[in-house]
Amino acid sequence: QVQLVESGGGLVQAGDSLRLACAASGRTFSSYHMGWFRQAPGKERELVAAITRGGGTTYDAGSVKGRFTISRDNAKNTVYLQMNSLKPEDTAVYYCAANVRGSGLLRPGMYDYWGQGTQVTVSS
């Protein structure tokens with residue numbers, strides 16, 4: 001079992017920055033991949049960014065490339081999402097997720113455990 005707890009969401013203005021954090025517990029953190037997803041009202045959950053277990057490989061969705069950065073600190077059992085130059089279209093509930101099977105990174109079904117989500121709202 002893996003437990004995930006997100007933090008760092010909030011209400012900001014367009015152009016501002018936020019850093020989300022996801023603290024993991026229950027299994028050896030460095031043994032599984034991590035991802036950040038988001039879901040806006042009426043839309044499907046989509047991958048924002050993902051990072052492999054050792055942190056050597058990352059993936060960013062095209063819509064956030066150059067603005068968002070995923071990173072992990074295996075000593076602190078935490079994955080981060082640094083979000084810069086936020087836009088109103090980034091408004092969503094953001095979820096972190098753990099992939100313990102070692103399968104691909106891109107789709108929600110590849111992840112085994114999910115956090116409860118944290119709301120990010122960007123006003124124009």
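For the chain, the fraction of 1.4 Å probe accessible surface lying on carbon and sulfur atoms is 47 percent. For the chain, the solvent-accessible area with a 1.4 angstrom probe is 48 square angstrom per residue. Within the shell defined by Cβ-Cβ distances under 10 Å, the residues around ALA24 carry a net charge of +3, with Lys and Arg each +1 and Asp and Glu each -1.
Note on the stretch 33-59 and the stretch 10-24: Cα centroid distance 15 Å, given to the nearest whole angstrom.
When only the Cβ of Lys, Arg, Asp and Glu is charged (+1, +1, -1, -1), the dipole of the stretch 33-124 relative to its Cα centre reaches about 120 debye.
The values are calculated or read from the model by the stated rules, or taken from the named source; none is laboratory data. Everything numeric in this text was worked out from a predicted model, so none of it was measured. Ideal geometry is used to build each Cβ from the backbone, glycine not excepted, and the neighbour counts take in all protein chains shown. Calculation scope for accessible area: heavy atoms of the full protein, side chains included, ligands and nucleic acids excluded. Shrake-Rupley method; radii C 1.70, N 1.55, O 1.52, S 1.80 Å.
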